[in-house]
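Structure first, then comments.
The values are calculated or read from the model by the stated rules, or taken from the named source; none is laboratory data. Keep in mind it's a predicted model, so treat the numbers as computed, not measured. Note that we place each Cβ from the backbone using ideal geometry, even for glycine, and neighbour counts take in every protein chain shown. Please note that ligands, DNA and RNA were not included when accessible areas were found on the heavy atoms of the full protein model with its side chains. Shrake-Rupley method; radii C 1.70, N 1.55, O 1.52, S 1.80 Å.
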Amino acid sequence: MKVYRYEENPLITPADVKPHREDFEVIGAFNAGVAKYKDEVLMLLRIAERPISNDPKIVKAPVFNPKTNELEIVEFHTDDKRYDFSDPRVIRNVSKQQGFEYLTSLSYIRIARSKDGHNFAIDENPFIYPTNELETFGIEDPRVTQIGDTYYIYFSAVSPLGVGESMVSTKDFITVEHHGMIFAPENKDVLIFSEKINGKYYALHRPSLKSIGDPEIWIAESNNLLYWGNHKHLMGLREGMWDSGRIGGGAVPIKTEKGWLELYHGATPENRYCMGAVLLDLEDPTKVIARSDKPVLEPEADYEKEGFFGDVVFSCGVLVEGDTVKMYYGVADTSMACAELSLQEILGSLTYY
Ligand code: MAN
């Protein structure tokens, strides 16, 4: 697979972003959803910020209080045996078998704008910030589906109640309308198709199962983008392969003459995240036609291998121009990069069933 990584990579790093509060630091500007608006490329960045701690033994967890609209900070001491701090992203309660108690940073969405897709200017203020009790730990990993002149933006809403997927819409990237939670916890990695297929909207989604089953990709349908049903299991993990640990949708599905091409992420049990592709039937996207045996993009560059959480390439959005797929992707849960791939080469690389 020929992959052309931009010379400017990483395009945006945390150092380029001014924190939204003086006592906070930006630790991530990554996993951006992508949209074309007027003559600009917009990246809807996931900005992760944390309270500055001058003592390495103190870990601070930021929590949004929807009653006061303020952030509150919960402090932990790293010697506290009730908690496990080994994953830098989360604070775990050792008495619980799975899941986390707090996140070490709070994410929200900020826009970066560009005329050429290479050089971006970052907005001064947050675009979408937590507003309610389902978002008290932040909002993450946005994706954008344009239908007509409306842009639907959906993202993980994280709180002690779980991680679900919420949606807003905008026509101008200034004002947003809130549509509430469209997939209840625990669910992530929703991708809404850009047009109706045989009279229905479709969405991929990724339940994270706790009793039985694995983190795999499902598909659902809807008449109105808000109420989703007729859920079907679409595709699973593959033992011994690059997508053996967890999978989830990545970019908004691309309509090609061969089918809907979904660029999805897959990770190994050791958390090495790659991007690969799956081809779905044009008339019935619940049917898988072909899939990547090898990733189309994997962590190779230093900025992909090293960072807050290394060995991660994670795309939430691409732009397609002719045969060129411009894949914008988060690297190492830290920064944003872009790589160009050939659409025909991706289609040709798949194993057809
Ligand atoms: C995982 C990671 C984190 C994220 C949480 C909550 O631990 O993807 O980056 O903050 O889930 O969604």
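A few notes on this one:
- Amide H contacts of Val74: Ala61, Val63, each under 5 Å away and 5 or more positions distant or on a separate chain (H built 1.01 Å from N in the peptide plane; Pro and chain starts excluded).
- Note on the range 243-353: percent of Cα-Cα distances in each 5 Å bin, starting at 0 and stopping at the bin with the largest distance, equals 3, 13, 23, 25, 19, 10, 5, 1, 0.
- With eigenvalues of the C-alpha gyration tensor scaled by 5 and rooted, the range 162-220, Å: 24, 17, 8
- Pairwise FRET efficiency - Ser95 versus Gln344, Cβ, R0 = 51 Å, nearest 0.05: 0.45
- For the chain, a Gaussian network of Cα nodes joined below 10 Å ranks Leu191, Leu263, Leu343 by mean-square fluctuation, and the top entry is Leu343.
- Listed values for the range 250-256 are Karplus-derived 3J(HN,Hα) couplings in whole Hz (6.51 cos²θ - 1.76 cosθ + 1.60, θ = phi - 60°), namely x, 9, 4, x, 9, 7, 10, and x replaces Gly and Pro.
- Under 5 Å, built H, 5+ apart or other chain: amide partners of Lys200: none
- Of the residues Arg113, Arg206, Arg21, the one that moves most in a GNM of the chain with alpha-carbon contacts below 10 Å is Arg21.
- Dipole of the range 4-352, positive end: most advanced residue of His231, Tyr152, Phe120 [Cβ charges, Cα centre]: His231
- Cα-centre dipole for the range 4-352 with unit charges at Cβ (Lys and Arg positive, Asp and Glu negative), debye to 20: 720 debye
- Taking Lys57, Lys287, Lys232 as the candidate residues, the one with maximal mean-square fluctuation in a Gaussian network model of the chain, Cα springs under 10 Å, is Lys57.
- Inter-part distance, the range 299-320 to the range 49-84, computed on C-alpha centroids, equals 27 Å.
- Cα centroid separation, the range 113-142 to the range 1-47 (Å): 9 Å
- Taking the Cα centre of the range 181-338 as reference, the dipole from Cβ charges on Lys and Arg (+1) and Asp and Glu (-1) amounts to some 500 debye.
- Average projection area in nm² (convex hull over Cα atoms of the range 4-352, one quarter of hull surface): 17.1 nm²
- In the distance distribution for the range 5-160, Cα-Cα pairs more than 28 Å apart total 26 percent.
- Across the range 146-151, computed HN-Hα scalar couplings (Karplus, 6.51 cos²θ - 1.76 cosθ + 1.60, θ = phi - 60°) run 8, 10, x, 9, 9, 9 Hz from first to last residue, x flagging Gly and Pro.
- Accessible surface for His179 stands near 50 Å², nearest 10, in the context of the full protein assembly shown (1.4 Å probe).
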